[in-house]
Structures are given as C-alpha cells and as structure tokens.
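Chemist: I'd like to ask some things about the structure below.
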C-alpha cells in the first residue's frame, strides 16, 4: 500500500515552518461545530466510542508528555517550546471536542479511568522511566535529544492520523467524520512542524540519528499509550492495524519511518511489527 | 471562592495589542532603563514554559484541573512575551527565538539539576508538594502584577499603561487560580504549610532570578521596587502571601530586596 494522501506526505520543506504564525492562528474551542444533535438519532457504535475515548485521552495527556520533554535540553530551544505551548493548547481543545462527542452519546467521558492493568513489555522499560531518570540521562545527552522528541512527535502524528481515518471510515457517522476532518486539519500543522524539525536534525547529526534509532526501538505507540491499559492499547492496535489491511497501514508507516534520515529498515521493521502485534 | 477552571479555559485568550499605537514610540521612545526592564519581563514571560517543567515533575500534572489551567496559563504568558517583544521591536530591539535559546543555554548545570531536585522533593512529600508550588506560583504572579502596575505608574505613558494593564488583568486570573489552590491545599495539611513556609522563606527569589544575570535582577528591582513606593508595593505582596494558611509573618519580598541591596 502506498501512502498516496497527506497521511505521510513528504513535507514541502522549502517553506520553513512559521512558529509565530502557528501561534497566532491557533484553533481553540470547537464545540459549536460538532453537530452533536446528530448523535441523538444515530448514536455511535460501541467500538467507535471506545476509540474516541482512547484518542481523546491521548490528546489530553500533553502535560505528561511535556514533563518528559521539558526535563531535557529540549526546553532550551525557545522555538520548539513556543511550538509546544500552542500544540498543547490545540490538543487540549481536540480532547475537549472528543469529550463532547462522548457526552452527546451518553457515555463516560475522558475522565473514565480504565482500571485494567498496564502493559509491562520489557522493550518499553525506557518509556516507564520517571522524570528523574529522564533528566539524569538527558544531562549526558544534551541537545541531540531534541531530534528524538521531534521524530517521536512526527511518528505519533502518522499513527494517530491513521487511527482517526480508520475511525471515520468505520463509524458511519456524518457528524463524527466531520469532527475528525477538523481534528486532522488541526493536527496537520503539528505534523508539518515535527516533520521539518525531525528531518533537519536527523540529517545534521549522526549522534542525533543514533539516539533516535535507539528511542524508536523502545517506544510505546502512540505517545501516552504507556499510561493506558493493556486492554485499551490492544484494542487500538487491533482496530487500527489489525487484519491484512491494517498490516498494510502499519507497513506504510514503517516505510515512511525507514525513509527518515539515518533511521533505516531495521528500526522501521521493529516499529511496524509492534504496531500490528 | 473556588476557581472555575472550565470558565477560565473557555475565556482564555491571547493578549491583544494590535489596536494600540506602538508607532508613537518610534518618535518618542521609552528611556533606556525602562527598555532594559521590559526586556527582562519579556524573557521571564517567554520562559514560563520552563517553570512549567519544574511544576510538571511533581505529582500536580496528574490532576485534570491543574493540567487544564497550565495549558492556558502557558499560552497566555507566551503571548505576554510576544506583546512585550513587539513593543521592544518598535524600539529596534529584536527578541527572536534563537536569542532566547542562547540565553537558556547559558544557564548550565544549576538549571539541569533543578528538575531532579524538584522531582525528588516532589516524590518525598507527595501531594503536599503541590501546595508548595501553588503558594510559590501565587507569590510569583502577585509579583508580576505588581511589577506591571509599578511600570505603568512610573512611565506615565497611556499606551504602555494600557498594554501593561491588559497583561496584569490576565495575571490576576493566574493569581486567583494559584491562591485558591494554595489556600485549599495548605488548609488541609499542616505538613504542607511547614514545607511551603520553609521553601518560600529559604528559596524564594524575585521572578526571573533563576534565568537572568544578577545585574539584570538588581536593575529591575531598583527600577520598580526601590524607594518608598516600591517598598509599599513589596509590603503589599508580602501581606498577600502572609494571608495564606500557615504563612503568617513571612516577608520574603522585602527580605529579597534587602539582600539584593535595593534602597528602601
């Protein structure tokens, strides 16, 4: 399968991402555009609702992610932090929109904590590190860590974008499809920034590429999944990357990862296998 | 009164300055020492996200209301930085991200260890540490409002005063959040009161002290907080802080002015 749409489209890097413009035109509260009334007549199927909740919980977990990112040298880069401030703002409102969808369907919102057990894969041990260990290792690593954060951000965008599209396809809901179009439109600029930064930093430094290869091999996808239940994560993986079509979707992300500067086929293959486990 | 986070997030906006006549400053620029103070304020506002980092390493990030507030707070403070940078811009002073980055890179080891220290302390004292952060945040936001108001008074330029008034108005909502959080959490825990009192008394320093050169801190404090009126303003901040549960009698702002050698 080729990624012939904007999911993993190569970015036009002739135009450097304008962080000030992004901040100035950030998009907030979406509640007025969600067509929530439609759900009265046509509530979403249970699987769709579960995925809406899962994705919403990931969107709302920006502060946890910022914690891990900001204890490293990434916080020194004022352009990156300016982006992240607005990124967190936009994601806050995406989560709010998804919460509103759940509410309109009369089911538990994003605050519903799944009591199920976390996944304890050995390969993800690094992801479970707290801020102290992250801060300590970051002291040794220094600024190349920014490449890791930007690349993880980019791949996270590819994965969640794929999930949102799958959700729109399977829900059979006009209202949800329109909400997801909005979500993807907001997230498009996040992808552009990460894409721009990731490729530039990976091609500029062999150390950055090496660190990123290592981080990608031990990452839990999408960002924030480490804090979600094993059950929810398996559901997400099955829904988005299950079956032969799902595996093709995972393979397409793998190809895009392999094409990132200095990352290579092996890391991409590990990532693909983990998505469609 | 409890702080309504939903109302806050729903009404949080970036500060406006496009309707203010900044062009007048090309003809009649603000004096050098005021620009130096404004530059300090700009850096502090842009730097807020790094302060978030210290907050986030403690248990507070797990709380939904705190997360929601911090998301909006960060963005508002970023825009204060943008507004002040625009004002400096018409004075020919460019504040770009690369320059901010260079400043942050100068911070070195102390800055690198900060999140670890904070986090260790946060782990040890658990939820009580959130109360400490809230009290600390309240002290900082009160200081920020005071600084903007003092600047507006001293400069007597209506356009500058209007911009600073708009910024201070947003800071007032931040104060409301921090004080309501601090009050509740301190009132519930004697241990939190003891830790907060200890932390404020021993470690608090004027906002920006950890990110700016000492010469700049002294300049800003001399400019805004010296003399009779400056001290009166400092006393007012101290009175607010002392009003928090368990903080009676603290005079951390006046103490820090003394230790910086700022004339009363």
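Chemist: Restricting to region A:176-208, name every residue that is surrounded by fewer than 19 Cβ atoms within 10 Å (Cβ to Cβ) and under 14 Å from residue A:48 (Cα atoms).
Modeler: Result: A:177, single match.
Chemist: Count, please, the residues in region A:74-100 that happen to be more than 17 Å from the chain's Cα centre (by Cα), part of a helix (DSSP H, G or I), touching a residue at least 40 places away in the same chain (Cβ under 8 Å) and facing chain B (nearest Cβ under 8 Å).
Modeler: 3
Chemist: With the requirement that a residue be touching a helix residue (DSSP H, G or I) at 6+ places or on another chain (Cβ under 9 Å), part of a helix (DSSP H, G or I) and away from chain B (no Cβ under 11 Å), what does region A:17-30 give you?
Modeler: Within region A:17-30, just A:22 meets the criteria.
Chemist: Might you check whether a residue that is modelled with pLDDT under 85 and in contact with a helix residue (DSSP H, G or I) (Cβ under 9 Å, 6 or more places away or on another chain) occurs anywhere in region A:31-46?
Modeler: no
Chemist: Do we find that residue B:129 is surrounded by 16 or more Cβ atoms within 10 Å (Cβ to Cβ) and modelled with pLDDT of 85 or more in this structure?
Modeler: In short, no.
Chemist: Another question, if that's okay. For residue B:37, which of the numbered conditions (1) within 14 Å of another protein chain (Cβ to nearest Cβ); (2) within 19 Å of residue B:165 (Cα to Cα); (3) touching a helix residue (DSSP H, G or I) at 6+ places or on another chain (Cβ under 6 Å) fails to hold?
Modeler: (1)
Chemist: Quick check: is even one residue across region B:49-65 assigned to a helix (DSSP H, G or I), under 26 Å from residue B:201 (Cα atoms), at the interface with chain A (Cβ under 8 Å from one of its Cβ atoms) and at pLDDT 75 or above?
Modeler: Within region B:49-65, one or more residues are assigned to a helix (DSSP H, G or I), under 26 Å from residue B:201 (Cα atoms), at the interface with chain A (Cβ under 8 Å from one of its Cβ atoms) and at pLDDT 75 or above.
Chemist: Within region A:213-233, which residues are part of a helix (DSSP H, G or I), under 16 Å from the mean Cα position of the chain (by Cα) and under 20 Å from residue A:112 (Cβ atoms)?
Modeler: A:225, A:226, A:227, A:232, A:233
Chemist: Mind telling me which of the residues A:112, A:59, A:103 ends up being more than 10 Å from chain B (Cβ to nearest Cβ), surrounded by 22 or more Cβ atoms within 10 Å (Cβ to Cβ) and at negative phi?
Modeler: Details: A:112 fails: surrounded by 22 or more Cβ atoms within 10 Å (Cβ to Cβ); A:103 fails: surrounded by 22 or more Cβ atoms within 10 Å (Cβ to Cβ).
That would be A:59, the only listed residue that is more than 10 Å from chain B (Cβ to nearest Cβ), surrounded by 22 or more Cβ atoms within 10 Å (Cβ to Cβ) and at negative phi.
Chemist: Within region B:1-14, can you find the residues that are part of a loop (DSSP other than H, G, I, E, B), surrounded by 13 or more Cβ atoms within 10 Å (Cβ to Cβ) and within 12 Å of chain A (Cβ to nearest Cβ)?
Modeler: Matches in region B:1-14: B:12, B:14.
Chemist: Another question, then. Just to be sure, is residue A:250 within 19 Å of the chain's Cα centre (by Cα), modelled with pLDDT of 95 or more and over 23 Å from residue A:119 (Cα atoms)?
Modeler: Details: within 19 Å of the chain's Cα centre (by Cα): yes; modelled with pLDDT of 95 or more: yes; over 23 Å from residue A:119 (Cα atoms): no.
Criteria not met by residue A:250.
Chemist: Then there is this: Exactly one of (1) more than 12 Å from chain B (Cβ to nearest Cβ); (2) in contact (Cβ under 8 Å) with a residue 12 or more places away in the chain is unmet by residue A:122. Its number?
Modeler: (2)
The values are calculated or read from the model by the stated rules, or taken from the named source; none is laboratory data. Every value quoted in this text rests on a predicted model; they were computed, and no experiment measured them. Cβ sites come from the backbone with ideal geometry, for glycine too, and all protein chains shown count toward neighbours.
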